[in-house]
Amino acid sequence: MMLGETVAVALVALRANKLRSALTMLGIVIGVAAVIAVVALGRGAQQAVNDRITALGTTMLTVVPGHVFTGGVSSASDRAPLPVEDAAALLANSTLIRAVEPEMSRSLQLQWRRANTNTQVIGATANYPEVRKYTMDAGRMFTTQEDDGRKRYVVLGASVANNLSPSAPSALVGENIRISGIEFMVVGIFAAKGGATGFQDPDDQVVIPLNTARFRVFDTRYLRAINVLAPSEAQIPETMTEIERILRRQHRIPSGRDDDFEIRSQADFLNTLSSTTQVFGLLLGGIATVSLLVGGIGIMNIMLVSVTERTREIGVRKALGATSTNILLQFLIEAVVLCILGGAIGIGVGAGGALAMRYGFHWNTDVAPASVVLAFVFSALVGVVFGVWPARRAAKMDPITALRYE
């Protein structure tokens, strides 16, 4: 038999059992679609993290309170204080730092007329938009003089403004809202930054002057963090060394003792979160790949059943001159065609699922061409690997025994 005739016979056999062929392909379709959709979701999550951190500025450093060890043990609640004087010391004694922006925050209730929402209230200095890479959508940022005067002014994040006034968020500028029962005047609204992840929505927050937060709202002198801008990415290590030197002297830490603060760079956040999302994506991809193997096993089982059902047909073909190689190719081609068709359908389903997640659920997805090619090639290999055994079994049949089979 010629190769073309062998392929034709294999396709005729598949068409003769359309329902069984379709059900056999289902496992491959689900496996390929799952691999593509899951990898797209993992890549999208990683890209969202990268965009989010890049939007904060690659030269920003963050000083946060460090752990305090008691008897060699530290808990999440054991944090060294980070007083507001540390920010002033950094600004006064540094030769490299471009900007210093201290922050304190708390989750509080906001109320405007009959609308209310719970959000993150941040006490910060007037250079918050510069350091944090925010722009104004309406109104203005409060000034340093207003911060020193402890003015009750507030700048709203885009999500907060939409929650309080969905029809006309910009109309809130000039209005009075209450934060934890204290009246504040809205002087501005930040432009939407986007990039919300499972960690935090950068638009779901409000900013009030640091001194107002310190003396009128939070009643504390301790900061959540101090954000610092380095001159350039190349000078980040040098800037971190200078920050460490200033704060160790400020905290009177003797030589040989560990710092009671931590300095984090955006590159550290980016590397850590990217590694986490990459591992998570690989894990999900591995789980999805298992369904491909399950689909392959299903194909092998169905092909074994097919070989048993068509024993007399195999005997007739061998009696008419078909070689063992012809029989082997026929059943192997059937298995590979099932996997290739299932892989093609799975690619469409997986890519469509990724688009549905992006536009229907607003999840970040990114279909990688490499994952499409890999899933398709893997599905074809599944057909070869799991089709060999049934095909060899058919090829090794004795024609006389096969003809006598009932």
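A single member of R52, R20, R43 is of a type in the set (D, E, K, R), crowded, with 20+ Cβ neighbours inside 10 Å and either modelled with pLDDT of 80 or more or farther than 30 Å from R98 by Cα (or both), and it is R43. Selection of the stretch 313-349 for residues being among the aliphatic types (A, V, I, L, M) and assigned to a loop (DSSP other than H, G, I, E, B) yields L320, A322. All of T135, T144 fail the test of being more than 33 Å from the chain's Cα centre (by Cα), at pLDDT 90 or above and among the polar types (S, T, N, Q), apart from T144.
For the stretch 219-241, the set of residues classified as more than 34 Å from the chain's Cα centre (by Cα) and touching a residue at least 12 places away in the same chain (Cβ under 8 Å) consists of T220, R221, listed by residue number. On the given criteria, is G72 farther than 28 Å from V382 by Cβ, modelled with pLDDT under 85, touching a Phe, Trp or Tyr at 6+ places or on another chain (Cβ under 6 Å) and not assigned by TED's automatic domain parsing to the domain that holds M357? No, not satisfied.
Meeting the requirement of 2 or more residues that are not assigned by TED's automatic domain parsing to the domain that holds A115, no strands (runs of 3 or more DSSP E) wholly within the stretch 167-261 can be named. Being surrounded by 13 or more Cβ atoms within 10 Å (Cβ to Cβ), over 23 Å from R214 (Cβ atoms) and at pLDDT below 95 is a property that A158 has.
Scanning the stretch 334-363 for residues that are surrounded by 20 or more Cβ atoms within 10 Å (Cβ to Cβ) and farther than 22 Å from A22 by Cβ turns up just one, A354. Taking Q111, is it assigned by TED's automatic domain parsing to the domain that holds L210, surrounded by fewer than 17 Cβ atoms within 10 Å (Cβ to Cβ) and closer than 29 Å to T239 by Cβ? No. Figure legend. Inter-residue proximity from the stretch 173-185: first residues closer than 17 Å to G139 by Cβ, second residues assigned to a loop (DSSP other than H, G, I, E, B) and of a type in the set (S, T, Y), beta-carbon distance below 7 Å, spacing 6+ or different chains. No pairs are indicated. Would you be able to say whether some residue in the stretch 379-402 is modelled with pLDDT under 75 and not in a helix (DSSP H, G or I)? Looking through the stretch 379-402, at least one residue is modelled with pLDDT under 75 and not in a helix (DSSP H, G or I). Residue check: V206 meets all listed conditions (1) surrounded by fewer than 15 Cβ atoms within 10 Å (Cβ to Cβ); (2) farther than 27 Å from I246 by Cβ but one, namely (1).
Scanning the stretch 121-155 for residues that are surrounded by fewer than 17 Cβ atoms within 10 Å (Cβ to Cβ) and closer than 13 Å to P202 by Cα returns K133, T135. Residues in the stretch 147-166 that are in contact with a strand residue (DSSP E or B) (Cβ under 6 Å, 6 or more places away or on another chain) and either assigned to a strand (DSSP E or B) or more than 15 Å from I122 (Cα to Cα) (or both): Y153, V154, V155, L156, A161, N163, L164.
The values are calculated or read from the model by the stated rules, or taken from the named source; none is laboratory data. The structure displayed is predicted, hence computed values, not measured ones. In this analysis, Cβ positions are derived from the backbone assuming ideal geometry, glycine residues included, and neighbour counts consider all displayed protein chains.
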